[in-house]
Amino acid sequence: MSLNSFGHLFRVTTWGESHGPAIGATVDGCPPGVPLEAPMLQRWLDRRRPGQSRYTTQRREADEVEILSGVFEGRTTGTPIQLLIRNTDQRSKDYGDIAEKFRPGHADITYWLKYGIRDYRGGGRSSARETAARVAAGGVARAALGALAPELEITGYMVQMGVHEIDRARFDREEISRNPFWCPDADAAAEWAAYLDSLRKAGSSVGAVVEVTISGAPAGLGAPVYGKLDTDLAAAMMSINAVKGVEIGEGMAAARLTGEANADEIRMGAGGPEFSSNHAGGILGGISTGQDIVVRFAVKPTSSILTPRKTVTKSGKNTEIVTKGRHDPCVGIRAVPVGEAMAACVILDHLLLHRAQVGEGPRGRIG
């Protein structure tokens, strides 16, 4: 069992390696009749594409997606959708020096210990290059969500780079697309630019925190105990390369709160129940409340840096390693569209599960 698939009714299997001829995804379970053409997916891939600024890897990939099956005359057929993205700018020679060495902080050593073989060219399957296939699959999910839940919107943005955080008082949704960091705080973005420039020139890297907000999601998505919406969201975000922590709503900070401070009080409003706050991140008991769903994930620093680091060889000898090649000084930047894509896949999956079990909309009524 290779476990290269995720999802229940809307199921995605990704395949391919960083320096292979292509990467891609097989998407199964998409409802039929959804309008879908390659340009609809390309718009999301263009947001993740490398080489668009000096703050990301300079690997030049067009990331052009091809739809090989599952679509006829511009609409999904209900059969598996095969997505292909060709690799065109591999530099495998950059990785010749690490064929016998393991990069600290990278999956090299664990892949070797598990399988006894590894593709050292760019990390093979463990490379962040694999996430392009997820973004393409997320584009399919967004197309289906556009048809089934047109009011739903998924927005990702960076809220922290290293120790530098945004000021929530300056949160500007329109600013997110205006800077290369997907940052909703213009002042923070300017600070990050100078900070990351210094790290990039030194051949170093830094981590980040990405937040994804899902607005317009209906109440009732998710199921108790083993089918919780937040369980699947957390698993989806945790599966992204370099992610080391995930939280929903108040997250880890909830441990510092009292019950009075943490509880989202409820009152009747003109349109039904209204919550006074959203510490729960839009999910209670694993089921969506109808509020904004808020998920954050922490991305570790890129492990490929120019500073010599101690490691071992496959033969067990102590040595040092310097990782050459083209790498993101802050991989969290390009993780933003990936987080959005994973959120889209999970929300569509749970929307289909909900409709299959109880039909459309919540069953209970208040008032």
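The values are calculated or read from the model by the stated rules, or taken from the named source; none is laboratory data. Predicted, not measured: the structure shown is a model, and the values here were computed from it. No Cβ is skipped: glycine too gets one built from the backbone with ideal geometry, and neighbour counts run over all protein chains shown. For the accessible areas, the whole protein counts, side chains as well, though only heavy atoms, and no ligand, DNA or RNA atoms are used. Shrake-Rupley method; radii C 1.70, N 1.55, O 1.52, S 1.80 Å.
Largest GNM mean-square fluctuation across 159, 312, 209, computed for the chain with C-alpha springs under 10 Å, falls on 312. In the chain, taking the dipole from charged Cβ atoms about the Cα centre, the farthest positive-side position among 35, 308, 7 is held by 308. Per-residue 3J(HN,Hα) values for the stretch 167-174, derived from phi via the Karplus relation 6.51 cos²θ - 1.76 cosθ + 1.60 with θ = phi - 60°, read 9, 4, 5, 9, 4, 10, 4, 5 Hz in sequence order (x marks Gly and Pro).
Under a model in which nothing but the beta-carbon of Lys, Arg (+1) and Asp, Glu (-1) is charged, the chain shows a dipole of about 1500 debye around its Cα centre. Using a cutoff of 8 angstrom between alpha carbon atoms and counting only pairs six or more residues apart, the relative contact order for the chain works out to 22 percent. Under 1.5 on a/c is rounded, so check that first for the stretch 161-238, then, if it is not, pick prolate when a/b is larger than b/c and oblate when it is not; a ≥ b ≥ c are the square roots of the alpha carbon gyration tensor eigenvalues. Since a/c reaches 1.5 but b/c is at least a/b, the shape of the stretch 161-238 is classed as oblate. For trypsin sites (Lys or Arg not before Pro), the sites in the stretch 286-326 that DSSP calls loop and that have at most 14 other Cβ atoms within 10 Å are 314, 317. The residues of the stretch 180-260 present an accessible area of 44 Å² per residue when probed at 1.4 Å with all protein chains retained.
Considering only 238, 102, 343, and ranking their Cα positions along the charge dipole of the chain that arises from unit charges at the beta-carbon of Lys, Arg, Asp and Glu, the one farthest toward the positive end is 102. Listed by number, the DSSP H helices of the chain that run 20 Å or longer by alpha-carbon position along their axis and have mean Kyte hydropathy of at least -0.5 are 131-148, 186-201, 332-358. GNM on the chain, C-alpha springs below 10 Å: top fluctuator among 198, 127, 315? Among 198, 127, 315, the largest GNM mean-square fluctuation belongs to 315. Where is the GNM fluctuation largest for the chain (alpha-carbon springs, 10 angstrom cutoff): 226, 120, 157? Checking each option, the largest mean-square fluctuation is seen for 226. Per the Debye calculation on the stretch 186-291 with a single equal scatterer at every Cα and no solvent contribution, log₁₀ I(q)/I(0) for q = 0.10, 0.17, 0.22 Å⁻¹ amounts to -0.43, -0.94, -1.24. Please compare each pair in 114/300; 201/310; 201/324; 114/317; 244/324 to a cut-off of 18 Å on the Cα-Cα distance and tell me which ones are over it. Distance filter (> 18 Å) returns 114/300; 201/310; 114/317; 244/324.
Residues whose amide H lies under 5 Å from that of residue 290, counting only those 5 or more places away or on a different chain, are 219, 220; hydrogens are built 1.01 Å from N in the peptide plane. Picking from 331, 319, 299, whose Cα lies most toward the positive end of the charge dipole for the stretch 282-367 (charges on Cβ: Lys, Arg +1; Asp, Glu -1)? Of the candidates, 319 comes out farthest on the positive side.
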